[in-house]
Amino acid sequence: DMKVTQMPRYLIKRMGENVLLECGQDMSHETMYWYRQDPGLGLQLIYISYDVDSNSEGDIPKGYRVSRKKREHFSLILDSAKTNQTSVYFCASSFGTGAYEQYFGPGTRLTVL
Amino acid sequence: GDQVEQSPSALSLHEGTGSALRCNFTTTMRAVQWFQQNSRGSLINLFYLASGTKENGRLKSTFNSKESYSTLHIRDAQLEDSGTYFCAAEWGTGNYKYVFGAGTRLKVIA
């Protein structure tokens, strides 16, 4: 059963705290993505990972970093979270890039107070 | 993103009727993917197209790369079709990435 999982599903943090969002997939997909979704907007790409330790900035990488040490796991890290990073974060994966559809996780709702 | 213009931004349909959603692109896109975001916030894959037309039940989607647009047709709308529909276009050279439209909020009314 093809699946993308995200942990945690809900998270409340205070400004300045560190945040770790985890994503896993069981499809051996090479490519994984982190997006954020804000009200009234589509998803915006934060980072893309083409394979283990092969990460590339997306459209809004500032304030975020990522880690991919195993193909099936992709982490999003916020060092010293800011209130404007309150958002819903989605992870996705695809077999590769170019002619491969994305599969999305259920999302993590992050609130930074 | 600026490269994807999605219309309309909102739409109300009576049950049993239909309509078309559209995405226009400002640059050449390699492929397009359509999603429905339901009331729980989950993104459900509807279609992935590199060209042509695909149909699945009451939904049909077309992607015309040359004329830079894609459409999603919904017929015989049902209450469970309510939600926000997004198109995501794949672009780039070498390593591709997706850019999303802002979405169409669809409400189906009994």
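The values are calculated or read from the model by the stated rules, or taken from the named source; none is laboratory data. Because the structure is predicted, anything quoted here is derived from the model rather than measured. Because the Cβ atoms are built from the backbone with ideal geometry, glycine has one as well, and the counts that use them run over all protein chains shown. Side chains are part of the model used for accessible areas, which takes the heavy atoms of the whole protein and leaves out ligands, DNA and RNA. Shrake-Rupley method; radii C 1.70, N 1.55, O 1.52, S 1.80 Å.
Residues in region B:1-26 that are within 11 Å of chain A (Cβ to nearest Cβ) and assigned to a loop (DSSP other than H, G, I, E, B): how many?
4
Could you check how many residues of region A:37-55 are touching a Phe, Trp or Tyr at 6+ places or on another chain (Cβ under 8 Å), more than 7 Å from chain B (Cβ to nearest Cβ), of a type outside the set (Phe, Trp, Tyr) and over 22 Å from residue B:85 (Cα atoms)?
2
Determine if region B:50-57 includes at least one residue that is under 17 Å from residue B:6 (Cβ atoms) and within 14 Å of the chain's Cα centre (by Cα).
no
Exactly one condition in (1) part of a strand (DSSP E or B); (2) open to solvent by less than 50 Å² (accessible area, probe 1.4 Å); (3) more than 9 Å from chain A (Cβ to nearest Cβ) is false for residue B:98; which is it?
Residue B:98 satisfies all of (1) part of a strand (DSSP E or B); (2) open to solvent by less than 50 Å² (accessible area, probe 1.4 Å); (3) more than 9 Å from chain A (Cβ to nearest Cβ) except (3).
Taking region B:27-45 as the search range and keeping residues that are aliphatic (A, V, I, L, M) and closer than 16 Å to residue A:106 by Cα, which one is farthest from the other protein chains (Cβ to nearest Cβ)?
Per the criteria, the residue is B:44.
Yes or no: region A:75-88 includes at least one residue that is surrounded by 15 or more Cβ atoms within 10 Å (Cβ to Cβ) and within 14 Å of chain B (Cβ to nearest Cβ).
yes
Hey, does region A:48-57 have a residue that's surrounded by 14 or more Cβ atoms within 10 Å (Cβ to Cβ) and farther than 22 Å from residue A:94 by Cα?
Scanning region A:48-57 turns up no residue that is surrounded by 14 or more Cβ atoms within 10 Å (Cβ to Cβ) and farther than 22 Å from residue A:94 by Cα.
Within region A:49-86, can you find the residues that are on the phi > 0 side of the Ramachandran plot and either in contact (Cβ under 8 Å) with a residue 24 or more places away in the chain or within 14 Å of the chain's Cα centre (by Cα) (or both)?
Correct list: A:63, A:80.
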